[in-house]
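Below is one structure; the comments refer to it alone.
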Amino acid sequence: MRFVSTGIFLGILAGAAPLSHKAYAGDLVIWSPVKVAPRTYHATIGFRLPMAWEMSAGADVGLGGAAGGTILTGSELATLWGRAVDDRSNFSGNSRREVAVRVDTLKGSGMMYLGRSRNWIFSQDIDMQMLRSLNVSYATTQAVPASITASQAATMIFPWTGTSISASGEVTDAKDAFSSRFAFKQAVAPNLNLTASLTDPLTLTPAGNVRVDYRIKW
């Protein structure tokens with residue numbers, strides 16, 4: 001029995017990941033300090049609740065200083081976040097539901113993410129992936145209205161040949177701002193992949209891209 005690999009999914013959403021800093025914990029406390037640059041520090045502080053859904057919440061805090069000891073303007077970070085994830089698996093695939101909220105208390109901006117994905121074995125030779133998401137963002141300190149982005153994507157995977165074909169669409173602000181993307185990915189050799197994509201194929205000026213990637217492990 002094979003399982004669908006989420007790593008095959010081609011990048012289709014700009015900023016789809018709701019939390020830029022992932023927080024992991026072996027118990028109920030989340031504590032992840034990081035030195036991101038000389039005299040600049042960042043820490044993720046939070047907690048996790050043992051519930052049917054994986055519930056976590058906390059804050060990202062950070063500060064940077066100059067060589068003389070003064071605080072660098074704009075280096076302050078104070079962001080509150082919360083996340084709820086429901087992962088379910090069986091012999092034929094897995095599904096995931098996620099709700100995330102993130103609020104920047106200093107810049108007065110925030111976002112809410114709702115996502116649902118499913119990976120399953122469609123037939124003996126084909127695996128399928130589906131992803132739906134809704135992203136709402138706002139910025140109170142800027143003259144920018146709230147932005148709403150709805151996305152949907154589907155990927156067909158042929159595990160025995162290393163081939164995947166994906167199609168995705170995205171609507172922003174419900175103002176006919178629609179974009180789409182088709183992509184083809186083929187494993188040519190171990191660690192060598194060929195990717196061809198076409199963005200907005202229904203418009204007068206579609207954009208195409210062909211790329212060959214080789215990954216080295218050591």
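Under the Kirkwood approximation applied to all pairs of distinct alpha-carbon atoms, what is the hydrodynamic radius of region 64-218 in Å? Let's see the in-between values first.
Values: mean 1/r = 0.0521 Å⁻¹.
After inverting the pairwise mean of 1/r, the radius is 19.2 Å.
Per residue, how much accessible area does region 76-218 show when a 1.4 Å probe rolls over the protein heavy atoms, in square angstrom? Numbers along the way, then the final one.
Details: 9030 Å² over 143 residues.
Accessible area per residue: 63 Å².
Translational D (Stokes-Einstein, µm²/s) of region 97-143 at 25 °C and 0.890 mPa s when Rh comes from the Kirkwood sum over C-alpha pairs? Don't skip to the end; give the middle numbers.
On the way: Rh = 13.0 Å.
So the translational diffusion coefficient is about 189 µm²/s.
Which aspartates and glutamates, on any chain, are close to Lys185 with Cα under 20 Å apart, when same-chain ones fewer than 8 places away are left out?
Asp125, Asp127, Asp200, Asp213
Cα to Cα, under 19 Å, and not fewer than 8 places away if on the same chain: which aspartates and glutamates meet these conditions relative to Lys217?
Cα-Cα hits under 19 Å: none found.
Under 37 °C and 0.692 mPa s, how fast does region 46-140 diffuse according to Stokes-Einstein, given a Kirkwood radius computed over C-alpha pairs? Answer in µm²/s, whole number.
The calculation lands on 202 µm²/s.
Please list, or write none, the aspartates and glutamates whose alpha carbon is within less than 12 Å of the alpha carbon of Lys107, excluding same-chain residues fewer than 8 places away.
Glu76
On the accessible surface of region 98-198, probed at 1.4 Å, how many percent belong to carbon and sulfur atoms?
On the way: 3590 of 5640 Å².
About 64 percent, which is the carbon plus sulfur part of the accessible surface.
The values are calculated or read from the model by the stated rules, or taken from the named source; none is laboratory data. Keep in mind that this is a model prediction, so the values were computed, not measured. Areas reflect the complete protein model, heavy atoms only, side chains present, ligands, DNA and RNA absent. Shrake-Rupley method; radii C 1.70, N 1.55, O 1.52, S 1.80 Å.
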